[in-house]
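As structure tokens, the structure follows; a few thoughts come after it.
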Amino acid sequence: MVVPPLLRAVIMGPPGSGKGTVSTRIIKHFGMKHLSSGDLLRDNMQKRTEVGILAKSYIDQGQLIPDDIMTQLMLNELKGLDQYNWLLDGFPRTVAQAEALDKECQIDTVINLDVPFETIKCRLTARWIHPASGRVYNLEFSPPKVQGIDDITGEPLVQRDDDNPETVTKRLQAYDSQTKPVLEYYREKRLLKSFSGTETNKIWPHIYAFLQTKLPDINQKDATTTR
């Protein structure tokens with residue numbers, strides 16, 4: 001029996017583009033290992049590893065974590081995944097990181113979520129949270145029963161500082177300037193596959209169909225539904 005080659009994929013998209021939802025569906029349907037730079041950083045900071053302490057010192061000063069630290073963190077983790085199909089999320093974020101990744105492994109495809117910034121702005125600024133439980137409400141899609149109040153506890157909801165309109169605009173502009181060169185890097189290598197739209201549920205079937213040409217669905221039933 002011929003064993004299909006392992007798939008090495010990257011997913012890119014600005015904050016609020018639905019990247020988390022799409023990644024979850026990819027993992028569910030295609031059984032890929034998901035490696036998120038954000039999750040990995042939080043885990044290392046929590047465990048106070050050498051890299052975690054170093055990364056936290058940059059974050060506390062409001063600075064970007066240097067390429068070599070992020071690259072070391074991600075490549076170390078990838079060493080344990082060489083027998084699996086995997087999906088990288090949040091890495092690479094710079095061309096230097098992309099080049100370092102290329103030296104270690106061959107990327108097969110880069111999925112880019114091309115969602116208009118105005119759509120994302122509406123999504124993020126409509127997001128309110130219940131701090132104690134982490135419950136998230138969206139005034140457009142899943143509003144609380146009573147405006148500004150948590151459904152279960154009756155406690156007030158708050159908006160995260162980075163979800164206010166000014167901060168969201170800055171975050172999107174920063175993402176755009178940082179990742180444009182990376183998208184261009186992968187476009188030149190003919191690895192970039194962009195999926196455009198304003199709704200995750202409408203973009204997902206196209207991503208699903210694309211990945212089906214590369215991997216079998218591990219639970220064929222209900223494949224293109226939103227579950």
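The values are calculated or read from the model by the stated rules, or taken from the named source; none is laboratory data. Values in this document were obtained by computation on a predicted structure and should not be read as measured data. Backbone-built Cβ (ideal geometry, glycine too); neighbour counts: all protein chains shown. For the accessible areas, the whole protein counts, side chains as well, though only heavy atoms, and no ligand, DNA or RNA atoms are used. Shrake-Rupley method; radii C 1.70, N 1.55, O 1.52, S 1.80 Å.
Report, ordered by the first and then the second residue, all pairs with beta carbons closer than 6 Å, sequence separation of six or more or different chains, a first member in the range 35-50 that is more than 20 Å from Asp82 (Cβ to Cβ) and in a helix (DSSP H, G or I), and a second member that is of a type in the set (Val, Ile, Thr) and open to solvent by 60 Å² or more (accessible area, probe 1.4 Å). Pairs found: none.
Taking the conditions (1) at positive phi; (2) crowded, with 16+ Cβ neighbours inside 10 Å; (3) at pLDDT 90 or above in turn, Gly16 satisfies each one other than (3).
Can we say Arg135 is within 17 Å of the chain's Cα centre (by Cα), of a type in the set (Lys, Arg) and surrounded by fewer than 19 Cβ atoms within 10 Å (Cβ to Cβ)?
Criteria not met by Arg135.
Flag set for Glu118, criterion: among the acidic types (Asp, Glu), out of contact with any Cys (no Cβ under 8 Å at 6 or more places or on another chain), outside any loop (DSSP other than H, G, I, E, B) and within 25 Å of Ile203 (Cβ to Cβ).
Does the range 174-191 include one or more residues that are surrounded by 12 or more Cβ atoms within 10 Å (Cβ to Cβ) and farther than 16 Å from Met12 by Cβ? For the range 174-191, residues surrounded by 12 or more Cβ atoms within 10 Å (Cβ to Cβ) and farther than 16 Å from Met12 by Cβ: absent. Restricting attention to the range 168-191, the residues that are over 26 Å from Leu124 (Cα atoms), touching a residue at least 60 places away in the same chain (Cβ under 8 Å) and not in a loop (DSSP other than H, G, I, E, B) add up to 2. Within the range 210-227, residues that are within 17 Å of Asn112 (Cα to Cα) sit with their Cβ atoms under 7 Å from residues that are at pLDDT 85 or above and open to solvent by 60 Å² or more (accessible area, probe 1.4 Å), at 6+ positions apart or across chains, in these pairs: Phe210/Lys193.
State which residue is least open to solvent (accessible area, probe 1.4 Å) when the search covers only the range 149-166 and only residues that are part of a helix (DSSP H, G or I) and touching a Leu at 6+ places or on another chain (Cβ under 9 Å).
Of the range 149-166, the ones part of a helix (DSSP H, G or I) are 161-163, 165-166.
Next, only the ones that are touching a Leu at 6+ places or on another chain (Cβ under 9 Å) stay: 162-163, 165.
Values: Asp162: 48, Asp163: 1, Pro165: 63 Å².
Per the stated criteria, the residue is Asp163.
Pairs linking a residue in the range 111-123 that is open to solvent by 40 Å² or more (accessible area, probe 1.4 Å) to a residue that is assigned to a helix (DSSP H, G or I), with Cβ atoms under 8 Å and 6 or more positions apart or on different chains, are Phe117/Leu172; Phe117/Asp176; Lys121/Pro165; Lys121/Val168; Lys121/Thr169; Lys121/Leu172. Residues in the range 83-103 that are farther than 15 Å from Ala9 by Cβ and either assigned to a helix (DSSP H, G or I) or of a type in the set (D, E, K, R) (or both): Arg93, Val95, Ala96, Gln97, Glu99, Ala100, Lys103.
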